[in-house]
Amino acid sequence: MKVFVTGGAGYIGSICVEELLNADHQVTVFDNLSEGHRVAVDERAQFIEGCLSDRETILNAVAADQPEAVMHFAAFAQVGESMTDPSKYFRNNVANGINLLDAAVEAGVKKFIFSSTAATYGMPDTVPITEQEPQKPINPYGESKLMFETLLKWYHELHGLEFVAFRYFNAAGCSEKLGEERTVETHLIPNVLRVALGQAKQCRIFGTDYPTPDGTCIRDYIHIIDLAQAHILALKPGKCGFYNLGNGEGYSVREVIETCRQVSGNPIPAIEEARRDGDPARLIAGSQKAIDELGWKPRYATLEQIVDSAWRWHSAHPNGYSG
Ligand code: UDP
């Protein structure tokens, strides 16, 4: 299929583009390179540098490209920043996204695939979290993604736009060629691996008094390539709705650090700090819906496989893409 990918120069988008091309789809990437990297865009893809805030540009780009599907990854994704600058999140993740939705409708796009997040659930009452869990985001980032989910429901109802929205749990790991490099890195695995690379003295554990077996937060880590595969399955006609993406297994912060020690062979000192605001104790996905309805089969479900792929990329690219 012909797929138009926004945010295709970023971490998740670039690896989805690579997997789409490996599956013989044709790809156009649209990215403003504010967070993404030009070199992360697969050479087989066409590249347009542009911003979703520029309504004419995005309307013209989609009209000229005539894609069958749009995958929308372009968004800001830092929870902490969203608490201090909510306007940035609602403007980009919601208002600018409307330009893309309108462009898709005008161009007669058949399928719209959206990166949503487990952050739309807020502090869940139960785990594993199924798609039926009430969505009560606790920060503007999660709220902005939930608002876009709502837009998708209305565009589906009123314009017939078929959509799949994936609620990602903790996307992690790398492909052989492509990885994770952000201006500000807040995520656990890349921060822990920086210590193994000798780029930081110690990693930090945020909170050791959670009601979990070792007192640290539990998360469900999903390999980026498995996540990309779900997007490819969602291209099939007739697939529409909201899907969680995770492995259904939770690992604590201490377990992640221990796995990084084993994989890297580095002792990785860790210091214990206070809780980070807004972190739920435990987030584990119920992803049976994606398995049953999309035929999704994660191939790299263990934490070792996820960390190993990240370690291979980070040790081969100690300075990220700029190296
Ligand atoms: N975390 C940590 N130290 C770090 C980064 C993260 O202890 O340097 C914790 C964080 O508090 C959370 C878990 O690791 O409990 C996963 O955080 P991450 O930012 O990777 O993903 P999130 O679950 O917030 O999307």
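The values are calculated or read from the model by the stated rules, or taken from the named source; none is laboratory data. A quick note: this is a predicted structure, and the numbers were derived from the prediction, not measured. FYI the Cβ positions are ideal-geometry reconstructions off the backbone, even for glycines, and counts take in every protein chain you see. SASA here: full protein model, heavy atoms, side chains in, ligands and nucleic acids out. Shrake-Rupley method; radii C 1.70, N 1.55, O 1.52, S 1.80 Å.
Placing unit charges on the Cβ atoms only, positive for Lys and Arg and negative for Asp and Glu, gives segment 20-115 a dipole magnitude near 200 debye about its Cα centre. Taking a ≥ b ≥ c as the square roots of the Cα gyration tensor eigenvalues, with a/c under 1.5 meaning rounded and otherwise prolate when a/b beats b/c, else oblate, which class fits the chain? Prolate is the answer for the chain, as a/c is 1.5 or above and a/b outweighs b/c. Taking 18 Å as the straight-line reach from the Cα of K289, the aspartates and glutamates in range (excluding those fewer than 8 positions away in the same chain) are E131, E133, E149, E162, D220, D226, E249. Give me the net charge for the shell around Q262: Cβ to Cβ below 11 angstrom, other residues only, Lys and Arg +1, Asp and Glu -1. My count for the surroundings of Q262 gives -3. Can you give me the Cα centroid spacing of segment 150-202 and segment 6-70 in angstrom? First find each Cα centre; the distance between them is then 16 Å.
When the dipole is taken about the Cα centre of segment 153-301, and only Lys, Arg (+1) and Asp, Glu (-1) are charged at their Cβ, what size is it in debye, to the nearest 20?
200
Heavy-atom accessible area with a 1.4 Å probe sorts T130, T84, largest first, into T84, T130. In the chain, the portion of solvent-accessible area held by carbon and sulfur atoms comes to 50 percent [1.4 Å probe, whole percent, DNA, RNA and ligands not counted]. If you take the square roots of the eigenvalues of the alpha-carbon gyration tensor of segment 213-323 and sort them as a ≥ b ≥ c, do you get rounded (a/c under 1.5), prolate (a/b over b/c) or oblate? Note, shape of segment 213-323 comes out oblate.
With 30 Å as the limit on Cα-Cα distance, the pairs of K111/K177; K88/K201; K136/K177 that go past it are K88/K201; K136/K177.
Counting only DSSP beta bridges with both residues in segment 140-280, the antiparallel share comes to about 15 percent.
Highest GNM mean-square fluctuation among G250, G278, G97, for the chain modelled with Cα contacts below 10 Å: G278. For a quick check of your reading of the filter: which GluC sites (Glu not before Pro) in segment 33-67 sit in a DSSP loop and have no more than 14 other Cβ atoms within 10 Å? Counting only loop positions with at most 14 other Cβ atoms within 10 Å, the GluC sites (Glu not before Pro) in segment 33-67 are E43.
Report the antiparallel proportion of the DSSP beta bridges in the chain as a percent, rounded to a multiple of 5.
Counting only bridges with both partners in the chain, antiparallel ones make up about 5 percent.
Going by accessible surface with a 1.4 Å probe and the largest first, V29, V263 read V263, V29.
Under the combined filter of DSSP loop state and at most 16 neighbouring Cβ atoms within 10 Å, segment 16-83 retains these trypsin sites (Lys or Arg not before Pro): R44.
Applying the criteria of a DSSP loop state and at most 15 other Cβ atoms within 10 Å to the trypsin sites (Lys or Arg not before Pro) of segment 261-323 yields R275, R276, R299.
Could you state the accessible area per residue of segment 201-323 in Å², with a 1.4 Å probe and every protein chain left in place? Using a 1.4 Å probe on heavy atoms only, each residue of segment 201-323 averages 45 Å². Measuring only protein heavy atoms, the 1.4 Å probe finds H37 accessible over about 40 Å².
With the charge dipole of segment 1-131 set up from +1 on Lys and Arg Cβ and -1 on Asp and Glu Cβ about the Cα centre, the Cα lying farthest toward the positive end among the listed residues A103, G13, T130 is that of A103.
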